[in-house]
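Chemist: Sharing a structure, written as structure tokens. Questions coming.
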């Protein structure tokens with residue numbers, strides 16, 4: 001399943017670019033031999049940003065799955081169970 005909503009896709013890319021910048025900042029802090037507490041604080045911010053991006057992505061994924069199950073026809077129990085298992089597997093992989 002693909003991320004269909006272009007607005008959400010653009011926002012996700014923007015979030016990930018921000019995370020990329022934060023990672024580069026942490027690398028620079030290491031090169032500069034900054035204080036460990038400052039580095040840990042930035043790593044915590046990176047972790048939080050990644051979790052937030054994961055939640056947004058999963059929300060869109062779940063909405064797309066529900067829309068696919070709709071569409072006027074009654075979804076089969078097998079199809080529903082497969083989608084639920086895919087969603088759980090994806091959740092298991094998220095930070």
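Read-outs: derived from the displayed coordinates by stated rules, not from any lab. It should be emphasised that the depicted structure is a prediction, and the values quoted were computed from it without experimental measurement. Cβ coordinates were reconstructed from backbone atoms using ideal geometry, including for glycine residues, and neighbour counts include every protein chain displayed.
Chemist: Please compute P(r) over all alpha-carbon pairs of the chain, binned at 10 Å starting from zero, and give each bin as a whole-number percent.
Modeler: Taking all Cα pairs of the chain, the binned fractions are 14, 34, 26, 16, 8, 3, 0 percent.
Chemist: Taking the simple approach of a point 7 Å from Cα along Cα-to-Cβ for both residue 23 and residue 54, what is their distance in nm?
Modeler: 1.5
Chemist: Relative contact order for the chain: what is it in percent, counting Cα pairs under 8 Å that are at least 6 residues apart? Could the numbers behind the result be given before it?
Modeler: Values: 36 pairs, mean separation 31.2, N = 95.
Normalised by residue count, the contact order of the chain is 33 percent.
Chemist: State the extension gain, in nm to one decimal, for the chain segment bounded by residue 32 and residue 8, taking 0.36 nm per residue of separation less the distance between their alpha-carbons.
Modeler: Residue separation times 0.36 nm, minus the Cα-Cα distance, leaves 5.0 nm.
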